[in-house]
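Let me begin by presenting the structure, written as structure tokens, before commenting on it.
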Amino acid sequence: MILVKSLAGKPWVWSFIGALVVWLATIIFTGGYGAGGMVTAALSLAVFTVIVGVGQMFVITLGPGNVDLSLPANIGLASAVAMKVMGGSDSMIIVGLLAALACGAAIGAVNYLLIWALRIPPIIATLSASFIIQSIDISYGRGLQIKPPPGFADFANWQILGVPVLAILTVLFTVGAAIALQRMIYGRSVLAIGQNIRAAWLAGVNVGRIRLLTYTLSGALGGIDGALLAGYFRGANVDIGNEYLLASIAVVVIGGTSVAGGKANVPGVWGAALFLVLLLTMLNTFGVSAGVRLLLTGLIIVGVITAAGGEKAAR
Amino acid sequence: MTVASVDTSKSSSERGALARARLLRGLLPALSLAIVLIAIAWLNPRAISYFGFSLMLNLAIPIALATIAQMFVIAGNELDLSIGTFVGFVGCVTATWLKDAPLLGVLILLGSIGIYALLGALIHLRNLPSIVVTLGMSFVWQGLAILVLPKPGGKAPDWLLAIMSFKPPFVPFPIIAALLIGLIVHFGLMRTSYGVILRGSGGNPAALKRAGWSLLKTKIVLFALAGLFGVLSGMALIGITTSADANIGNGYTLLAIAGVILGGGEFVGGRVSPIGAVIGALTLALAASPLLTFMHIPPDWQVAANGAILIIVLAARVLISRRER
């Protein structure tokens, strides 16, 4: 009982319950057919949302107005860079991944440079940056060898007993992110800045460095995500990251992280990502048209946000 | 952090410098438009003509209207990420029901403004992050648009086509329309007493609440106005393109935010400028394609040029703001 009570008090539990409900609704509809396959598919797809979601979560936790809108463009460019560097050869996989990581990290650092040097809100800084990145990607990606090396594509699609290996690695990564957030000086500094940037500064937190690190981290995660996506879908294209703008923000908020900053939640990102992916699967299974699917996705996101509610501002 | 603090203990000479910096800051949107115009005139003198402007500013009216819609939302310290798909939805309704069943079409459009008002109420009452709510709504509008018009097509009502192809003497229609939009909204928001309250709801909500004004009502009004101008934008767009497509407005979300910021608006504090927003929208409309075409910039880089223009203008603003303090 105590366990149930303490669990119900945690916001992230609800995202998992939501995912479970959607999954049950789907398998009741199909009469139990494909229940396991659906979990496998959901895990493989949720991975990509979780990776960018964690980056976005750190950024959003920095406080009101902090958000990384350049992730879709970043994912697109990094996927092209990774595929180009790998050039279809298995021996270059690691180099390609590092290139995507570096590309993403550079984008993140440039984002913070714009925010810091021009003192403009992060929304508009990352937005302007994403315009430029998008153009670079369109121009760079033209006529490019966009197929991943076979080894990398196999790795991205590799499953052990129906569990995607990428999902296992991502769970390990999120555990690391949770530890970094709650137990390391970096994470505690991010939370402190989100709660009160001035107090954090007075307490001796190097605000500039932590913010730079956070935007760079978000960018780097976007970069690695792009490379993995290109591997999973066996090819890179400019629009590959488009859906991750909404998804990355939505999983953070549905997962119980405060948009006002200073309060983050790592497990919730997983729950929310699974919820969103399963929701899409459910709507596809029901055979609804594209219009109805978009409509219901939007309504459910608004509904979930409304039900979860925003907390009253502390001021 | 970026909001300049107002210090009352400044000496008169300092205050003079401050006023000059403020003026310069206020003129910045017009200045950036002038620079873009000069660049176009220099690259292609023939573009500076009645016909040239009519052509170059073709899409400026819907962009300006969408920017004004976004401006109302930003005035209340919120952000609307759904305005682009909303414009697309309105476009689809305009090209189908508004032509075939005008009464039903009008009711749907009024209803969609009502939904915007409800969103404002919801965001205020449940204290929700507007970014997420409107991101969700962007899916709703796009879904509805696809349901209304599954394939590109439809046709604009004749009266709308007639309005949008109006050719006044001497001054091209887009310029007159932009002036009118800017002046009307400027008067409403900057010169009426309730306009002050609306801006105050973004500037200092706590003070406004203590003074007895309903923040719920201001938010509803701001969102309803955003909906209204979104509807106007979608209708104007269809009046120009003559037919619709569910994705026709998608680019407007970011264009509108950029237009507000270019026009001197700020994300927090209720600091917005309707005339600036219209000028920002014109600058973007001109910079987006005519200027780049004349500069022989390949289409690949046109999006980047938009980003670069934003960054340059913001950098100029920082230089001016430094003097302001």
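All of the numbers you see were taken from the coordinates with simple rules; none came from a lab. Note that the structure is a prediction, hence the values are computed from the model and not measured. Please note: Cβ atoms are built from the backbone with ideal geometry, for glycine as well, and neighbour counts cover all protein chains shown.
Work out the count of Lys pairs in chain B where the Cα-Cα distance is under 29 Å, with the pair 8 or more places apart or on different chains.
Value for chain B: 6.
By its C-alpha gyration tensor, with a ≥ b ≥ c as the square roots of the eigenvalues, how is chain A shaped: rounded for a/c under 1.5, else prolate for a/b larger than b/c, else oblate?
Because a/c hits 1.5 or more and a/b fails to exceed b/c, chain A counts as oblate.
So, in Å, what gap is there between the alpha-carbon centers of the stretch B:243-257 and the stretch B:90-108?
18
Count the lysine pairs in chain A whose Cα atoms lie under 18 Å apart, taking only pairs 8 or more positions apart in sequence or on different chains.
4
Can you list the residues, at least 5 places off or on another chain, whose amide H is less than 5 Å from the amide H of A:Q159, using H built in the peptide plane?
Long-range HN contacts for A:Q159: A:V165.
Calculated from DSSP H runs of 4 or more alone, at -39500 (n - 2.57) each and per residue, what is the 222 nm mean residue ellipticity of chain B, nearest 500?
Computed mean residue ellipticity for chain B: -23500 deg cm²/dmol.
Can you work out the PRE-style zone for A:S289? Point 7 Å along Cα to Cβ, and I want the residues of the stretch B:225-246 with backbone N under 14 Å.
Once the point is set 7 Å along Cα→Cβ of A:S289, B:246 turn out to lie under 14 Å by backbone N, inside the stretch B:225-246.
Can you pull the mean other chain C-beta count within 10 Å for peptide B:256-266?
Mean partner-chain Cβ count within 10 Å for B:256-266: 2.
Counting only other chains, what is the mean number of Cβ atoms within 10 angstrom of the Cβ of each residue in peptide B:141-150?
5
Within 10 Å of each residue's Cβ, count the other Cβ atoms and sort B:Y252, A:Y186, A:Y232 from fewest upward.
The order, fewest Cβ neighbours first, is A:Y186, A:Y232, B:Y252.
Measuring from label point to label point, each 7 Å out along Cα→Cβ, what is the B:N44 to A:R142 span in nm?
The two pseudo-label positions are separated by 1.9 nm.
List B:L18, B:L107, A:L217 from most exposed to least, where exposure is judged by having the fewest other Cβ atoms within 10 Å.
B:L107, B:L18, A:L217
Among B:145-156, B:205-216, how do they line up from the highest to the lowest mean number of other beta-carbon atoms within 10 Å?
Most protected by this proxy first, the peptides run B:145-156, B:205-216.
Does the protein assembly as shown come out rounded, prolate or oblate, given a ≥ b ≥ c as the square roots of the eigenvalues of its C-alpha gyration tensor, rounded meaning a/c under 1.5 and, failing that, prolate meaning a/b above b/c?
Rounded, since a/c falls under 1.5.
Ranked by Cβ crowding within 10 angstrom, fewest neighbours first, how are A:M86, B:M71 ordered?
Arranged by neighbour count, lowest to highest, A:M86, B:M71 become A:M86, B:M71.
Between A:V21 and A:E243, how many nm apart are label points set 7 Å from Cα along the C-beta direction?
Rounded to a tenth, the inter-label distance reads 2.2 nm.
About its Cα centre, how strong a charge dipole does the stretch B:29-324 have in debye, to the nearest 20, once Lys and Arg get +1 and Asp and Glu get -1 at the Cβ?
Charge dipole, the stretch B:29-324, about its Cα centre: 640 debye, nearest 20.
Sequence gap at least 6, Cα distance under 8 Å: using those rules, report the relative contact order of chain B to the nearest whole percent.
About 36 percent, as a whole number.
Tell me, what is the percent relative contact order of chain A, built from C-alpha pairs under 8 Å that lie six or more residues apart?
Relative contact order here is 35 percent.
Taking each full run of DSSP H in chain B as one helix, which ones are at least 20 Å long along their axis (Cα atoms) and have mean Kyte-Doolittle hydropathy of at least 1.6?
B:60-75, B:102-125, B:130-148, B:215-241, B:274-288
Counting partner chain Cβ atoms within 10 Å of every residue's Cβ in B:292-303, what's the average?
Mean inter-chain Cβ contacts per residue within 10 Å come to 3.
Explain nothing, just the number: dipole magnitude of the stretch A:11-308 about its Cα centre with +1 on each Lys and Arg Cβ and -1 on each Asp and Glu Cβ, in debye rounded to the nearest 20.
580
Dipole size in debye (nearest 20) for the protein assembly as shown around its Cα centre, Lys and Arg Cβ +1, Asp and Glu Cβ -1?
Approximately 1820 debye in magnitude.
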